[in-house]
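**Q** My questions all concern the structure below.
The values are calculated or read from the model by the stated rules, or taken from the named source; none is laboratory data. Model, not experiment: these values are computed from the prediction. Cβ sites come from the backbone with ideal geometry, for glycine too, and all protein chains shown count toward neighbours. We work out accessible area using only protein heavy atoms, side chains counted, and drop any ligands, DNA or RNA first. Shrake-Rupley method; radii C 1.70, N 1.55, O 1.52, S 1.80 Å.
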Amino acid sequence: MLTIRLQRGGKRNTAHYKVVLAKKTAANQKQFVEIMGSYNPHTKELTIRNQERLDYWINEQHVELSETVHNLFVTKELIKDKKVKSFTIPKKEVVAEE
């Protein structure tokens, strides 16, 4: 199963990301099938290499998007949808004292 997700690159404190098509079970920094584009979080610049290839994978092949990429595409108006919650902070369990 394939998914479109971010792959981190860059130096410490100066991250940039590649938007890649990869197997869902593949390691985050290792294998990918195709590079779709790049994202610079410091300038908020999203660059898509080939819009036709992106449309092919999303619309025709129905490839799943990660939550972060989904929200990024909604913000940049590449897809029309609502944002999804991508991260939740787990709550600590309260231990009852006797």
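**Q** How fast does the chain diffuse by Stokes-Einstein, in µm²/s, taking the Kirkwood radius from C-alpha pairs at 20 °C and 1.002 mPa s? Walk me through the intermediate numbers first.
**A** Working: Rh = 15.0 Å.
Rounded to a whole number, D works out at 143 µm²/s.
**Q** Considering all projection directions equally, how large on average is the shadow of the alpha-carbon convex hull of the stretch 44-98, in square nanometres? Display every interim value, and only then the final one.
**A** On the way: hull surface 24.3 nm².
The Cα convex hull of the stretch 44-98, projected and averaged over all directions, gives 6.1 nm².
**Q** Let me ask something else about it. At most 15 other C-beta atoms within 10 Å and a DSSP loop state: those are the exposed trypsin sites (Lys or Arg not before Pro) I care about. Give me the longest piece of the chain that has none.
**A** The longest such stretch corresponds to 50-75.
**Q** Another question about this same structure. Most fluctuating residue of Thr75, Thr25, Thr88 in a GNM of the chain with Cα springs under 10 Å: which is it?
**A** Thr88
**Q** Let me ask something additional. For the chain, what is the accessible area per residue in Å², given a 1.4 Å probe and the full set of protein chains?
**A** With the other protein chains kept in place, the chain gives 79 Å² per residue.
**Q** Per the 1.4 Å probe, what fraction of the accessible area of the chain, in percent, lies on carbon and sulfur atoms?
**A** Reported share for carbon and sulfur atoms: 50 percent.
**Q** Oh, and also: If only Cα atoms are counted, what is the Rg of the stretch 14-65, and what is its Dmax, in Å?
**A** 11.8, 35
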